[in-house]
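See structure below.
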Amino acid sequence: MNNRQIAFIGAGNMANSLIRGLLAKDVAASHIHASDIDSDKLQSLQTECGIQTGDTAAVAAVADVIILAVKPQVMAQVCAALKPLIAKPDCLVISIAAGIPVASLAQWLGEERAIVRCMPNTPSLVGAGATGLYANANCNDDHKTLAGAIMSAVGIACWLQAEKDIDTVTALSGSGPAYYFLMIEAMEKAAVAMGLAPDVARQLSIQTALGAGKLAAASDVAPDELRRRVTSPGGTTEQALLSFANQGFESTVANAMLAAQHRAAELAK
Ligand SMILES: NC(=O)C1=CN([C@@H]2O[C@H](COP(=O)(O)OP(=O)(O)OC[C@H]3O[C@@H](n4cnc5c(N)ncnc54)[C@H](O)[C@@H]3O)[C@@H](O)[C@H]2O)C=CC1
Ligand SMILES: O=C(O)[C@@H]1CCC=N1
């Protein structure tokens with residue numbers, strides 16, 4: 001990966017997480033390029049990160065890999081403009097867009113193009129990303145290694161067996177950070193309502209999420225056992241979990257994920 005030129009089309013929230021995450025893992029700023037219709041975003045990236053910026057033609061001219069990081073709604077027009085500008089015949093295109101199938105990307109970019117569709121998430125910014133990837137039949141081992149290396153540099157990367165799994169990954173880890181942020185917010189608000197100082201409530205709520213995630217990742221036992229270890233029989237946690245269960249916590253989560261997955265399928269149309 002380190003001798004490859006990586007170009008981002010779209011320099012918004014998710015591209016920023018990936019770019020800054022890659023720089024933190026010592027990918028050279030001279031090897032990262034970005035293009036966006038919003039010149040302020042490019043200016044910030046250039047000033048704060050020292051990466052290369054330019055228009056689509058400029059970044060496509062040098063790229064070994066192009067990461068499409070625009071909204072699904074503009075992907076067709078972005079790909080149509082990009083297609084004749086890709087200079088290197090073997091250039092890999094990676095799309096991070098929710099919903100957009102490989103077949104549509106191939107239709108817009110050329111049926112011979114090596115394309116990886118993936119779903120990253122914003123914790124990539126701090127090296128704690130979670131990405132699912134799917135490659136089309138034009139990708140060789142080198143393309144797959146390159147895509148995997150980029151995403152592994154900023155977190156964990158899992159190859160998926162079927163393209164439809166990307167929509168599930170979108171509902172799980174793509175959108176997932178927002179669910180945990182909502183939980184952090186809700187716990188913080190409840191603690192403040194109980195009388196805790198807001199700054200203390202925020203610190204403890206965030207640290208609890210961090211601690212639970214770190215413990216789950218470091219443990220060789222499953223999350224349900226870790227949950228049991230917190231839950232003293234007849235104690236406080238038991239009452240909180242009972243309250244969650246009585247209010248349909250698991251089905252609330254499952255329905256939310258189904259709504260996200262459903263939206264991904266809608267975005268494909
Ligand atoms: N935000 C997230 O947590 C995640 C987002 N994604 C996907 O990443 C993509 C981007 O999402 P965000 O970064 O959240 O959106 P965003 O709105 O922050 O960024 C999109 C960027 O594309 C730029 N843009 C629009 N038209 C363009 C064009 N013709 N040429 C170049 N740049 C253009 C916009 O100016 C904007 O800066 C979406 O397809 C989304 O599904 C995937 C995983 C997680
Ligand atoms: O909300 C969205 O559509 C994007 C995809 C996953 C996270 N953000």
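Any read-out appearing in this document is the output of simple, stated calculations on the displayed coordinates, not a laboratory observation. Everything numeric here is computed off the predicted structure, so don't read it as measured data. Cβ: placed from backbone, ideal geometry, glycine included. Neighbour counts: every protein chain shown.
Roughly how many Å is it from the Cα centre of the stretch 102-174 to that of the stretch 222-269, as a whole number?
27
Restricting to Cα pairs below 8 Å that are 6+ residues apart, what does the relative contact order work out to for the stretch 6-164? Please round to a whole percent. All intermediate terms of the calculation are to be shown ahead of the outcome.
On the way: 309 pairs, mean separation 33.9, N = 159.
Averaging sequence separation for qualifying contacts and normalising by length gives 21 percent for the stretch 6-164.
Tally Lys/Arg at +1 and Asp/Glu at -1 over every other residue whose Cβ is under 12 Å from the Cβ of Ile37; what's the total? The partial results should precede the final answer.
Details: positive: Lys41, Lys71; negative: Asp36, Asp38, Asp40, Asp55.
With Lys, Arg at +1 and Asp, Glu at -1, the neighbours total -2.
Given Lys25/Lys269; Lys25/Lys189; Lys41/Lys83; Lys189/Lys269, which pairs have Cα atoms separated by over 32 Å? Mind dumping the intermediate values first?
Values: Lys25/Lys269 37 Å; Lys25/Lys189 35 Å; Lys41/Lys83 23 Å; Lys189/Lys269 39 Å.
Result: Lys25/Lys269; Lys25/Lys189; Lys189/Lys269 exceed 32 Å.
Compute the FRET efficiency between Asn13 and Asp90 as 1/(1 + (r/R0)^6), taking r as their Cβ-Cβ distance and R0 = 41 Å, and round to the nearest 0.05. Please list the in-between numbers first.
Numbers: r = 29 Å, r/R0 = 0.72.
So the FRET efficiency works out to roughly 0.90.
Given a Förster radius of 35 Å and the C-beta distance between Ala149 and Thr236 as r, what FRET efficiency does 1/(1 + (r/R0)^6) yield to the nearest 0.05? List each step's numbers first, then the result.
Values: r = 45 Å, r/R0 = 1.30.
That pair, Ala149 with Thr236, gives E of 0.15.
Based on other C-beta atoms within 10 Å, arrange Tyr179, Tyr134 from fewest to most. The partial results should precede the final answer.
Values: Tyr179 15, Tyr134 22.
The most exposed by this proxy come first: Tyr179, Tyr134.
Could you sort the peptides 53-60, 168-175 by per-residue average Cβ neighbour count (10 Å cutoff), highest mean leading?
Working: 53-60: 18.2, 168-175: 21.8.
In descending order of packing, they fall as 168-175, 53-60.
Can you put Arg117, Arg228, Arg20 in order of Cβ neighbours within 10 angstrom, beginning with the fewest? All intermediate terms of the calculation are to be shown ahead of the outcome.
Numbers: Arg117 25, Arg228 13, Arg20 18.
Ranking Arg117, Arg228, Arg20 by Cβ neighbours within 10 Å, fewest first, gives Arg228, Arg20, Arg117.
What net charge is computed for the residues neighbouring Thr231, neighbours being all others with C-beta under 15 Å from the C-beta of Thr231, Lys and Arg scored +1, Asp and Glu -1? The partial results should precede the final answer.
Values: positive: Arg227, Arg228, Arg229; negative: Asp224, Glu225, Glu238.
That works out to 0.
Taking the chain as the region of interest, what is the percent of Cα-Cα pairs per 5 angstrom bin, listed from the shortest bin to the one with the maximum distance?
1, 6, 11, 15, 17, 15, 11, 8, 7, 5, 3, 1, 0, 0
What share of all Cα pairs of the stretch 1-125, in percent, falls into each consecutive 5 Å distance bin?
2, 12, 24, 26, 21, 12, 3, 0
In what order do Cys91, Cys49 fall by count of nearby beta-carbon atoms within 10 Å, going from fewest to most?
Cys49, Cys91
Rank Gly99, Gly176, Gly50 by mean-square fluctuation in a GNM of the chain with C-alpha springs under 10 angstrom and give only the top-ranked residue.
Comparing Gly99, Gly176, Gly50 in a Gaussian network model of the chain, the most mobile one is Gly50.
What order, most packed first, do the peptides 103-111, 123-131, 252-260 have when packing is the mean number of other Cβ atoms within 10 Å of each residue?
On the way: 103-111: 16.8, 123-131: 19.8, 252-260: 13.6.
Top of the packing list down: 123-131, 103-111, 252-260.
How high is the relative contact order of the chain, given as a whole-number percent (alpha carbon pairs under 8 Å, six or more residues apart)?
Numbers: 406 pairs, mean separation 41.4, N = 269.
This gives 15 percent for the chain.
If I take every Cα pair under 8 Å that is 6 or more residues apart in the stretch 140-269, average their sequence separation and divide by the length, what percent do I get for the relative contact order? Intermediate results must be reported in sequence, preceding the final value.
Numbers: 41 pairs, mean separation 39.1, N = 130.
Relative contact order for the stretch 140-269 comes out at 30 percent.
Per residue, how big is the convex hull of the stretch 123-269 when only Cα atoms are used? Give it in Å³. Walk me through the numbers on the way to the answer.
On the way: hull volume 22.3 nm³, N = 147.
Considering the Cα atoms of the stretch 123-269, their hull volume per residue is 151 Å³.
Take the Cβ-Cβ distance between Gln77 and Asp40 as r, set R0 to 22 Å, and report the resulting FRET efficiency rounded to the nearest 0.05. Mind showing how you got there, number by number?
Values: r = 21 Å, r/R0 = 0.97.
Computed FRET efficiency for Gln77 and Asp40: 0.55.
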